[in-house]
Amino acid sequence: MGQTLEELAKQLRDANKKVQLIYAFNGTGKTRLSRAMKELIAPKPEEGEEGALSREKILYYNAFTEDLFYWDNDFESDTIQRLRIQPNSFTNWILVDQGKGVDIVNNFQKYATDRVTPAFNAVYQVTDKDGKKIDVPANSEVTFRVNPTNLVTAGEEPIVDEDGKPIVTEQYDVVKISKGEESNFVWSVFFTLLEEVVSVLSIAEVGDRPTDQFNGLQYVFVDDPVSSLDENHLIELAVNLADLIKAAPPQLKFVITTHNPLFYNVLHNELDLKQKGKKEGCYLLERMEDGTFKLNVKYGDANKSFSYHLHLKRVLEEAIAGSAVERYHFTLLRNLYEKTAGFLGYARWSDLLDTVEGSKDAYVRAINTFTHSALSNEQVRDPSPAEKNTVKLLLDNLVNNYAYWQQDEQNG
C-alpha cells in the first residue's frame, strides 16, 4: 500500500532539504504532485478568511504555467499571430517593474534558436461587447520575429533624415512558433523570474531588497522543463539550474521532477547529491496499481540506481498481467522502444516493429494515439481491448527478438 500525493507532498516538505530530485515516468503524477505541494505550502483560505497569496510562499513551473500563455491566431485578418499573456503579477513584475524582457529573449535564444526573436509589444487593442476599443496593458502579448535585420534593399537609394543620415528599416517575418519552442519560451520567462528572485533574496538586509514580495518564499517546484530540448541544450539548462540552486539562500528549498534520465544525471552530479548526507534527497516516484504512490529513495545517478528500462518493463508486465493497461502505458512502451532503438543504433524506434507480424503502420498509429496528447484540453479515448493487447504483443517483440533485452533477461 502506497501513499496519497498529499502525503508525499508532506514528506517532501518535512524533509527540509535544500534540493530534492525526483525521477518519474510520464503519466506517473509529477504535475499532480506539484499541485499537491502548492496546496500544502499555500492552501486556499476559507471563504471569508484572509490569507497569503500562494506565490508568496511557493513558485512552481509545470503544465499549468503554460496556461498563462495562449495564442491569438488572428483568424479574422490572418496577418499576425500573437502569444497573449494572461494578466498576472509575476510576468508584470519581471517585464514591467524589472524590465527583464532582454534577459528572457537571451534565455530563449540560448535554449531554442537565435533565428527567432521574441518581441514584447507595448500595447494592443481589443474590442469589447459594445464594439468599443480598449487598450490592453503593456507587455501583454509577444510576437516572434524571424531573422530581424536592419538593412536597405540593394540597389536602392537609402532614405535619409534631415541631417543626411540613412534611415534603416527593420525587416522581419512574424511567425507562430512550434509547441516545443513555445514551451522553451515559457520556461525562459520562469527561469528569468527565478534568477531575479534568487538575486533579490541573496541581499542579506531585508530593507535593502527592491521588493518584499518574495521575503516569505519557501519552495520552488520545477516539473520537467526539458521535454523539447536536444541533449546539448538539456545539459546546459540542467547546469544553469544547478548553479542557480547553489546560489540560492538557505530559505529557498527546491523540488525538481523529471522523466529524463540525462537531465536527472546532470543535476545529480552538478548538485553533488551522491555525497553522504544528501543522497536521501533522490527518489523514484512510482504509481501503484491501487492508485497510490511511492517515493523510493535511490542512491547514485539514474544509470546506477534506477535500471529504468527494467522498471518500465516490469510496470508494463504488471499492467498486462492484471488486465490494467491504460493510456499512459503506451507512453511507457514507446519510451522502451526509443531506448532500445537508441542503444542498438536504429534511426527510428518504429524500425523495431519490422519483426512483428501484422501492420507496422497500425502499431505506430496505436502508440501515437495515446502518446501525442500533450495539450491540456485534448481529450483522448481509453484504449480498446484490441489496443490493450497490442501492448503485450509489442513488449514481447522487444524481449524475444532483440539481444539487448535477452542479455538483460540472462543478467536478471
Counting only residues that are in contact with a strand residue (DSSP E or B) (Cβ under 6 Å, 6 or more places away or on another chain) and at pLDDT below 90, give me the strands (runs of 3 or more DSSP E) lying completely in the range 236-308 with at least 1 of them.
282-287, 293-297
Among the residues that make up the range 208-228, is at least one of them free of Cβ contacts under 8 Å to residues at least 24 places away in the same chain and within 21 Å of PHE185 (Cβ to Cβ)?
no
Kindly indicate whether ALA24 is modelled with pLDDT of 95 or more, under 21 Å from the mean Cα position of the chain (by Cα) and assigned by TED's automatic domain parsing to the domain that holds LEU267.
no
Which count do you get for residues in the range 337-367 that are part of a helix (DSSP H, G or I) and modelled with pLDDT of 85 or more?
16
Within the range 87-107, the count of residues that are touching a residue at least 60 places away in the same chain (Cβ under 8 Å), buried (at least 18 other Cβ atoms within 10 Å of the Cβ) and within 16 Å of SER140 (Cβ to Cβ) comes to 5
Within the range 73-97, the residues that are over 23 Å from LEU217 (Cβ atoms) and modelled with pLDDT of 85 or more are ARG82, LEU83, ARG84
Condition check for THR169: hydroxyl-bearing (Ser, Thr, Tyr), surrounded by fewer than 16 Cβ atoms within 10 Å (Cβ to Cβ), at pLDDT below 90 and within 21 Å of ILE80 (Cβ to Cβ)
yes
If you go through the range 44-65 one residue at a time, do you hit one that is at pLDDT below 80, outside any loop (DSSP other than H, G, I, E, B) and over 30 Å from HIS268 (Cα atoms)?
no
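The values are calculated or read from the model by the stated rules, or taken from the named source; none is laboratory data. Quick caveat, the model's predicted, so the values are computed rather than measured. In this analysis, Cβ positions are derived from the backbone assuming ideal geometry, glycine residues included, and neighbour counts consider all displayed protein chains.
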